[in-house]
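Trainee: Following this message is one structure expressed as structure tokens.
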Amino acid sequence: MKWFPIKILCILPAFLSPAVHVCAGDTIPAPAVQTRRWDKRVHLKYKRWERLKPTQASLQYAGGMGMFAIGAGWDYGKRCQWETDFLWGFLPKKYAGEKTRLTFTVKQNYIPWSISFDPRWTLEPFYCGLYVTTITGDEFWKREPGKYPNKYYNFSTKLRPYIFIGQRFGFNPSHNLLRNISAYYEVSTCELYLVSKATNRTLRMKDILRFSFGIKVHLFRD
């Protein structure tokens, strides 16, 4: 059994090799990790408290978040396939009644694919997710007020959950700060619209679907 330590010493470098770690610039053997030649997303990691630094900013029009919403967030995952955003929006009194309303939204995206045409242009042909929006104002409530009969309103007027799908087209500029600038659109609906569609067959799809458009900027990490 004298050959056993020698065998271990021969195998150990394979586990300690940099090729085992999934990092930018690594060479991954085909049997270990299945690479995607058309997906050039790279996840650059923060350390310790630097993880709190936002990695992206976005501006969105419509979508149940008000007329415009602006926010910041983080991307993460081996291929940056997950994104979490916090957005603040406003709804002018023209559409909100007596005064302008503010909104707050928490949004979660999942981007399974990203296609790189060349070093500059990228396409995310499909992504999906969900978000929850709340609006300011005493006339909106989380629980049904006592003045209404029991279960007269089955939905909260303060919180609104949405689901959505979308597409995004991006550009990678030659800049030390900007990683990617992309334009996107999304098609969304909420639980109130879905229940209304299920109980009212006269409603058409265009009555329950909402379109939104936006711009997202991904930042480099040190």
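Trainee: Is there a residue being within 20 Å of Met65 (Cβ to Cβ), surrounded by fewer than 16 Cβ atoms within 10 Å (Cβ to Cβ) and at pLDDT below 90 anywhere in segment 144-156?
Mentor: Yes, there is a match, as at least one residue in segment 144-156 is within 20 Å of Met65 (Cβ to Cβ), surrounded by fewer than 16 Cβ atoms within 10 Å (Cβ to Cβ) and at pLDDT below 90.
Trainee: Pick out the one residue from Tyr110, Tyr131 that is at pLDDT 95 or above, in contact with an Asp or Glu (Cβ under 9 Å, 6 or more places away or on another chain), surrounded by fewer than 16 Cβ atoms within 10 Å (Cβ to Cβ) and of a type outside the set (S, T, N, Q).
Mentor: Result: Tyr110 is the single residue among Tyr110, Tyr131 that is at pLDDT 95 or above, in contact with an Asp or Glu (Cβ under 9 Å, 6 or more places away or on another chain), surrounded by fewer than 16 Cβ atoms within 10 Å (Cβ to Cβ) and of a type outside the set (S, T, N, Q).
Trainee: Could you figure out which of (1) at pLDDT below 85; (2) within 27 Å of Ala183 (Cα to Cα) isn't true of Ser17?
Mentor: Of everything listed in (1) at pLDDT below 85; (2) within 27 Å of Ala183 (Cα to Cα), Ser17 misses just condition (2).
Trainee: Considering each residue of segment 52-109, count those that are of a type in the set (Lys, Arg) and part of a strand (DSSP E or B), and give that number.
Mentor: Looking only at that region, the number is 2.
Trainee: From the list Tyr184, Tyr193, which residue is at pLDDT 90 or above, among the aromatic types (Phe, Trp, Tyr) and assigned to a helix (DSSP H, G or I)?
Mentor: Tyr193
Trainee: Here is a further query. For segment 113-128, which residues satisfy the criterion of being buried (at least 18 other Cβ atoms within 10 Å of the Cβ) and assigned to a loop (DSSP other than H, G, I, E, B)?
Mentor: Answer for segment 113-128, where residues must be buried (at least 18 other Cβ atoms within 10 Å of the Cβ) and assigned to a loop (DSSP other than H, G, I, E, B): just Ser114.
Trainee: Looking at Tyr185, is it farther than 26 Å from Gln81 by Cβ and hydroxyl-bearing (Ser, Thr, Tyr)?
Mentor: No.
Trainee: Can you tell which of Trp82, Trp88 is surrounded by fewer than 17 Cβ atoms within 10 Å (Cβ to Cβ) and within 10 Å of the chain's Cα centre (by Cα)?
Mentor: So the residue among Trp82, Trp88 that is surrounded by fewer than 17 Cβ atoms within 10 Å (Cβ to Cβ) and within 10 Å of the chain's Cα centre (by Cα) is Trp82.
Trainee: Can I ask one more? Are any residues in segment 172-190 surrounded by 14 or more Cβ atoms within 10 Å (Cβ to Cβ) and either within 12 Å of His218 (Cα to Cα) or not hydrophobic (A, V, I, L, M, F, W, C) (or both), and if so, which ones?
Mentor: Asn172, Leu178, Arg179, Asn180, Ile181, Ser182, Tyr184, Tyr185, Glu186, Ser188, Thr189
The values are calculated or read from the model by the stated rules, or taken from the named source; none is laboratory data. These figures come from a predicted structure and were not determined experimentally. Here the Cβ is made from the backbone with ideal geometry for all residues, glycine too, and neighbour counts use every protein chain on show.
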